[in-house]
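The values are calculated or read from the model by the stated rules, or taken from the named source; none is laboratory data. Nothing here was measured: the structure is a model prediction, and the numbers come from that model. Neighbour counts are summed over all protein chains in view; Cβ atoms, including those assigned to glycine, are modelled from backbone coordinates with ideal geometry.
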Amino acid sequence: MFYNAKNHKIKIDQSDIDYISFGIGNKNLIIIPGLGDGLRTVKGMAIPLALMYIQFAKEYTVYVFSRRNNLTNGFTTQDMAQDIVEIMKLLNISKAYIMGVSQGGMIAQCIAIMSPERVSKLVLAVTSSKTNEMINNVVGNWIKLAEREDFKNIFIDTAEKSYSEKYLEKYRRYYNILWRFCKPKDYERFIIQANSCLSHNVYDDLYKIKCPTLIIGGQQDSIVGVNSSKEIADKVSNSELYLYEDYGHAVYEEAKDFNERVLKYLKR
């Protein structure tokens, strides 16, 4: 199997969580994906994700955790963070490097605040410590579309607000094909996760994050806004901020040096 890439499921409380693992390193790296997890978990994605993050495979054993499959109304980013801490205990992962992207970054902040002994280094990409007008408008609109089961417009709006114009010029022609292949079976998990983004607020507790932290943002971010990254950097004392000038929310996919930048920081 490619770098030991495997798909897993683990029971937690009255639910279970899909996750994947890959890599051959003796250090642990946990990656927490964004809000798209509400539409599709990482189930069956071991090899594609191992390929996406291949730079980490030799240095680390990498885990990518979804949220629990049976989310209940009112489930928060703190609840999601506690689930990951519990999984770490079940898998005997005493400490790990943690990278959170978008909503995953919100969850990662909660882990570093609630269980600092579990985090060696932290990477927070295109995320926010609290909601703002932009997040309220964008995510609020996605919730309305999800309530109408209008996935086509969720897909298009997410793409338009995430990627650079150069990228979109190549892929807009495929919208009508792609959205049909990505359509979820239901929207309940997505709506619950989206609402947890709107209620997320750890801004006043960011000072509790003491581990070395890399914050990455995009100057063109039209979902959380570039100021969200700056706010986190201002409040986390042991942090570094890097902003990509020409990219937006999907910088972790578009910027060719993104994974290498993260790897260099973790190894430093």
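Here are a few things to note about the model shown:
- Residue among Asp246, Asp205 that alone is acidic (Asp, Glu) and closer than 27 Å to Met114 by Cα: Asp205
- Residue selected from the stretch 131-167 under the condition of a type in the set (A, V, I, L, M) and touching a Ser or Thr at 6+ places or on another chain (Cβ under 9 Å), by the criterion farthest from Val42 (Cα to Cα): Met134
- Residue match in the stretch 174-181 (condition: of a type in the set (S, T, N, Q), within 19 Å of the chain's Cα centre (by Cα) and over 24 Å from Ala96 (Cα atoms)): no
- Qualifying residue in the stretch 177-194 (condition: at pLDDT 95 or above, within 23 Å of Phe258 (Cα to Cα) and buried (at least 16 other Cβ atoms within 10 Å of the Cβ)): no
- Residue check for Thr61: β-branched (Val, Ile, Thr), surrounded by fewer than 24 Cβ atoms within 10 Å (Cβ to Cβ) and under 30 Å from Lys183 (Cα atoms): no
- For the stretch 165-268, the helices (runs of 4 or more DSSP H) that sit wholly inside it and include 1 or more residues that are among the small types (Gly, Ala, Ser), touching a helix residue (DSSP H, G or I) at 6+ places or on another chain (Cβ under 6 Å) and closer than 21 Å to Cys110 by Cα are 188-199.
- Once the stretch 122-137 is narrowed to residues that are surrounded by fewer than 20 Cβ atoms within 10 Å (Cβ to Cβ) and out of contact with any strand residue (DSSP E or B) (no Cβ under 8 Å at 6 or more places or on another chain), the residue that is nearest to Lys235 (Cα to Cα) is Asn132.
- Among (1) under 25 Å from Lys166 (Cβ atoms); (2) free of Cβ contacts under 8 Å to residues at least 24 places away in the same chain; (3) surrounded by 18 or more Cβ atoms within 10 Å (Cβ to Cβ) - the single one Ala233 does not satisfy: (1)
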